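S.K.: One structure, pasted below without further comment.
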């Protein structure tokens with residue numbers, strides 16, 4: 001019976017299904033068009049907008065299909081015809097899966113295979129992304145559809161949710177949690193699954209709309225609360241329970257460089273307002289890579305009274321790979337021995353103006369992860385020839401289009417590959433040419449699967465020196481595995497904010 005109802009829903013609502021498929025085809029086409037070097041870059045925004053439109057159209061289709069046999073009404077024929085409620089519920093769930101889970105799995109898997117990724121890990125990553133889309137789009141749309149009888153009611157509920165999100169954004173100063181953090185993801189997915197399942201049971205099993213709406217409201221509040229939990233909270237949870245990988249010794253030492261007289265080479269981008277530059281001494285184990293997950297900035301008065309607290313943005317150095325005066329988000333052995341390192345801190349204009357001439361106590365708390373070498377292999381990558389590299393994905397090299405003294409190494413990382421990779425150009429005798437360069441992806445793996453390999457373009461792994469014949473010489477490629485999470489706090493003596501901007505400009 002449920003298949004008969006599903007066929008009816010598909011006949012009546014086929015334009016929405018066609019729109020969902022068209023958007024997914026367009027999304028996959030843009031990814032394939034960008035290719036391994038992520039060109040043209042102007043396609044990134046259309047791709048993001050198409051993905052957003054896919055979620056919106058799929059959610060709309062699900063709501064309308066559920067409301068075609070509304071549960072909250074007492075005047076519909078499904079109540080008097082011999083249709084079991086379980087069949088009706090199964091039909092709606094199947095439709096939600098058809099417009100969210102199935103196209104996501106099929107097209108993401110197709111893109112991964114066309115990238116040259118191995119079939120089994122690509123299937124696993126595609127299944128994960130498809131399940132997440134079903135839980136994050138399909139289940140909420142099913143819940144909204146079952147507790148409303150018309151599209152205006154559903155639109156009203158969505159608008160109220162949007163207002164609640166805006167309120168959370170305002171209250172927390174826009175400091176959302178790290179959605180790539182797996183404890184945060186697990187909490188959100190659990191809320192959606194539990195609430196969605198309970199609402200479907202209450203509506204199709206008990207027809208208890210009042211309770212269902214209460215469950216929906218509580219779940220919405222809980223989800224928004226998780227989304228705006230301070231970033232450090234999710235990191236601390238992951239630090240404690242992430243397979244026992246809590247660092248007992250730190251492979252890096254960060255401290256305030258009170259003797260720094262070095263000039264800042266290049267400037268950080270001004271995101272919100274003025275930028276101050278905090279000089280730091282950096283000492284890192286050369287056999288480790290340390291990544292910065294977040295930096296928490298605190299400003300207090302001389303007597304310890306809190307004045308400002310926020311998570312700062314990580315501003316990259318400019319030009320690339322010069323002496324690191326504006327810290328990147330990756331530390332390795334090359335970070336040692338610099339005359340000085342600077343952490344760029346973007347401050348809101350009103351905060352800077354209020355405290356710029358007042359002696360304050362400033363502290364930076366770094367949330368860090370440590371990676372150790374896992375596997376090293378040699379691979380020869382011809383210019384412009386994509387090649388599968390075991391454990392790394394599909395990689396390709398080319399001369400940098402701006403600087404012909406630099407070789408860019410791009411990869412579609414394998415769906416189970418390492419987050420961090422190091423590469424060194426080798427001469428015919430196997431000796432290194434230049435220093436080792438390291439790079440870590442900005443997206444974290446989900447349950448051991450790098451799902452960005454399916455939905456994102458190729459990413460720049462490292463930039464290598466362009467020695468003679470570098471395009472046909474082998475590379476020593478090293479993958480890294482996470483071995484610990486830890487925090488370090490750098491405390492400055494009383495200082496005026498203008499002094500930090502003044503030293504940077506000198």
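S.K.: State yes or no: is residue 149 assigned to a helix (DSSP H, G or I) and farther than 30 Å from residue 295 by Cα?
M.R.: Values: assigned to a helix (DSSP H, G or I): no; farther than 30 Å from residue 295 by Cα: yes.
No, not satisfied.
S.K.: Could you list, in sequence order, the residues of segment 44-69 that are farther than 13 Å from residue 15 by Cα, part of a helix (DSSP H, G or I) and more than 27 Å from the chain's Cα centre (by Cα)? Steps first, please.
M.R.: Narrowing segment 44-69 to residues farther than 13 Å from residue 15 by Cα: 44-56, 59, 63, 66-69.
With the extra rule that they be part of a helix (DSSP H, G or I), the set shrinks to 44-56, 59, 63, 66-67.
Scanning segment 44-69 gives 63, 66, 67.
S.K.: Given the options 491, 407, name the one that is under 28 Å from the mean Cα position of the chain (by Cα), more than 26 Å from residue 121 (Cβ to Cβ), modelled with pLDDT of 80 or more and outside the structural domain of residue 124 (by TED's automatic domain parsing).
M.R.: Working: 491 fails: under 28 Å from the mean Cα position of the chain (by Cα).
None of the other options fit; the residue is 407.
One line per residue, one yes/no per condition, for (1) surrounded by 18 or more Cβ atoms within 10 Å (Cβ to Cβ); (2) within 21 Å of residue 486 (Cα to Cα):
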position: 279; (1), (2): yes, no
position: 290; (1), (2): yes, yes
position: 294; (1), (2): yes, yes
position: 297; (1), (2): yes, yes
position: 308; (1), (2): no, no
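S.K.: Among the residues of segment 176-187, which ones are in contact (Cβ under 8 Å) with a residue 40 or more places away in the chain and either over 19 Å from the mean Cα position of the chain (by Cα) or crowded, with 16+ Cβ neighbours inside 10 Å (or both)?
M.R.: Of the residues in segment 176-187, the ones in contact (Cβ under 8 Å) with a residue 40 or more places away in the chain are 176-185.
Residues satisfying the conditions are 176, 177, 178, 181, 182, 183, 184, 185.
S.K.: Out of everything in segment 431-462 that is in a loop (DSSP other than H, G, I, E, B) and modelled with pLDDT of 80 or more, what residue ends up being surrounded by the most Cβ atoms within 10 Å (Cβ to Cβ)? Steps first, please.
M.R.: Within segment 431-462, the subset in a loop (DSSP other than H, G, I, E, B) is 431, 441-445, 447-448, 450-451, 456-458.
Imposing the further condition that a residue be modelled with pLDDT of 80 or more reduces the set to 431, 451.
Numbers: 431: 9, 451: 21.
That would be 451.
S.K.: Also: Tell me whether segment 374-396 contains one or more residues that are touching a helix residue (DSSP H, G or I) at 6+ places or on another chain (Cβ under 8 Å) and in the same structural domain as residue 415 (by TED's automatic domain parsing).
M.R.: Initial filter on segment 374-396 (touching a helix residue (DSSP H, G or I) at 6+ places or on another chain (Cβ under 8 Å)): 393-394.
Subsequent filtering for residues that are in the same structural domain as residue 415 (by TED's automatic domain parsing) retains 393-394.
Looking through segment 374-396, at least one residue is touching a helix residue (DSSP H, G or I) at 6+ places or on another chain (Cβ under 8 Å) and in the same structural domain as residue 415 (by TED's automatic domain parsing).
S.K.: Evaluate the following for residue 202: is it out of contact with any strand residue (DSSP E or B) (no Cβ under 6 Å at 6 or more places or on another chain), at pLDDT 85 or above and not assigned by TED's automatic domain parsing to the domain that holds residue 450?
M.R.: Numbers: out of contact with any strand residue (DSSP E or B) (no Cβ under 6 Å at 6 or more places or on another chain): yes; at pLDDT 85 or above: yes; not assigned by TED's automatic domain parsing to the domain that holds residue 450: yes.
Answer is yes for this residue.
S.K.: Looking for something in contact with a strand residue (DSSP E or B) (Cβ under 7 Å, 6 or more places away or on another chain), in a loop (DSSP other than H, G, I, E, B) and either touching a residue at least 24 places away in the same chain (Cβ under 8 Å) or crowded, with 19+ Cβ neighbours inside 10 Å (or both) - is there at least one such residue anywhere in segment 361-380? Break it down stepwise before answering.
M.R.: Of segment 361-380, the ones in contact with a strand residue (DSSP E or B) (Cβ under 7 Å, 6 or more places away or on another chain) are 361-380.
Then keep just the ones that are in a loop (DSSP other than H, G, I, E, B); that gives none.
Among the residues of segment 361-380, not one is in contact with a strand residue (DSSP E or B) (Cβ under 7 Å, 6 or more places away or on another chain), in a loop (DSSP other than H, G, I, E, B) and either touching a residue at least 24 places away in the same chain (Cβ under 8 Å) or crowded, with 19+ Cβ neighbours inside 10 Å (or both), which makes the answer no.
The values are calculated or read from the model by the stated rules, or taken from the named source; none is laboratory data. The structure presented is a predicted model; accordingly, all values stated were derived computationally and were not measured. Note that each Cβ is placed from the backbone with ideal geometry, even for glycine, and that neighbours are counted across all protein chains shown.
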